[in-house]
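All remarks here apply to the structure that follows.
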Amino acid sequence: MGKDWRLFVYGGFSSITAEFGTFPIDTTKTRLQLQQGCGQRYRGMLHALVNITKEEGFRALYSGMAPALLRQASYGTLKFGSYYWLQGALGGTGSSPALNVGCAVTAAVLAATVANPTDVLKVRMQASTTKGSLMVNFADVWHLEGVRGLWRGVGPTAQRAAIIAAVELPVYDWVKHKLRQRLGDTTLNHFSASLIASIGSAVASTPVDVIRTRLMNQRRLKVGVNNIYSGSLDCLVQTVKAEGVAALYKGFVPTLVRMGPWNVIFFVTFEQLKMLY
């Protein structure tokens with residue numbers, strides 16, 4: 001099954017399905033991560049959820065949905081398809097944990113690099129720094145920042161993807177294998193394994209996600225300089241210096257709350273598709 005091309009299709013379809021169900025939480029996470037200094041607008045995930053709906057309307061929670069779905073169609077397809085393809089080509093699901101981590105990191109970095117432009121557009125639209133449709137925002141970035149603007153933050157994005165995948169995918173496979181002895185290859189098994197994998201992923205990836213989000217949201221024009229951070233390390237240093245280490249975990253609650261349901265929806269859908277077809 002590992003080298004089956006259908007795994008790419010299942011990965012993309014399952015990712016899009018999961019994105020639909022959890023996107024408003026991702027919007028609150030992005031808004032929280034972009035807050036800096038005193039007088040912050042949102043006190044937490046629920047406060048952000050309520051205030052965004054009240055002040056901007058329910059549709060604002062889905063701002064950036066178009067690039068998000070486009071991202072999952074590319075990122076999800078490549079990440080999960082490549083992981084299971086590599087796993088099957090190099091030794092199967094029973095291969096060593098180190099090999100599984102290597103397959104996960106390789107697949108995630110490749111997928112994140114290819115899909116980075118859609119991530120930039122999603123963050124910009126969620127942050128409400130630009131208005132209009134997907135194509136309007138794409139044209140805005142292209143004309144003002146050039147092609148490099150579409151790959152802004154690709155470094156921390158790939159790092160975050162690698163960290164999440166290195167924890168999420170091998171842990172899911174390992175837990176699913178252990179639970180199979182008691183639960184069998186059932187939906188309850190898939191539900192439990194995906195939930196456990198989510199916790200580790202959220203803890204490991206949130207600091208990188210904060211840096212990635214802030215880098216993607218800042219604008220550097222072709223002429224002149226209009227940026228706060230010069231790169232990932234500068235963003236890390238400035239954030240900790242100005243706001244403390246805790247700032248690296250801004251948006252952790254919505255990250256965890258979103259990652260849990262997202263993984264459950266994804267893996268349950270993915271496993272059902274493998275059984276049906």
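Among the criteria (1) more than 25 Å from I211 (Cβ to Cβ); (2) assigned to a helix (DSSP H, G or I), the one G132 does not fulfil is (2). Summed over the stretch 8-20, the residues that are over 18 Å from H190 (Cα atoms) and either touching a Pro at 6+ places or on another chain (Cβ under 9 Å) or outside any helix (DSSP H, G or I) (or both) give a count of 0. I'm checking my understanding of the structure. Among residues of the stretch 172-202 that are in a helix (DSSP H, G or I) and without any contact (Cβ under 8 Å) to a residue 12 or more places away in the chain, which one is nearest to P261 (Cα to Cα)? Ranking the qualifying residues of the stretch 172-202, first place goes to L188. Check the stretch 60-80 and report whether any residue there is surrounded by fewer than 21 Cβ atoms within 10 Å (Cβ to Cβ) and among the basic types (K, R). Within the stretch 60-80 (the criterion being surrounded by fewer than 21 Cβ atoms within 10 Å (Cβ to Cβ) and among the basic types (K, R)), the answer is no, since none of the residues qualifies.
Return a yes/no flag: does the stretch 22-36 have any residue that is more than 20 Å from the chain's Cα centre (by Cα) and either among the aliphatic types (A, V, I, L, M) or at pLDDT below 85 (or both).
Going residue by residue through the stretch 22-36, those that are more than 20 Å from the chain's Cα centre (by Cα) are 36.
Then keep just the ones that are either among the aliphatic types (A, V, I, L, M) or at pLDDT below 85 (or both); that gives 36.
Yes: one or more hits.
Looking at A162, A108, A139, can you tell me which residue is of a type in the set (A, V, I, L, M) and in contact with a Phe, Trp or Tyr (Cβ under 9 Å, 6 or more places away or on another chain)? Don't jump to the end; show me each part of the working.
Numbers: A162 fails: in contact with a Phe, Trp or Tyr (Cβ under 9 Å, 6 or more places away or on another chain); A139 fails: in contact with a Phe, Trp or Tyr (Cβ under 9 Å, 6 or more places away or on another chain).
Criteria check complete, one pass: A108.
Within the stretch 246-277, can you find the residues that are in a helix (DSSP H, G or I), closer than 17 Å to R214 by Cα and not β-branched (V, I, T)? Walk me through it before giving the result.
Applying the first criterion (in a helix (DSSP H, G or I)) to the stretch 246-277 yields 246-249, 252-276.
So of that shortlist, the ones also closer than 17 Å to R214 by Cα come out as 246-249, 252, 254-255.
Within the stretch 246-277, A246, A247, L248, Y249, F252, P254 qualify.
The values are calculated or read from the model by the stated rules, or taken from the named source; none is laboratory data. What you are looking at is a predicted structure, and each value in this text was computed from that prediction instead of being measured. When we count neighbours, we look across all protein chains shown, and the Cβ atoms used for this are built from the backbone with ideal geometry, even at glycine.
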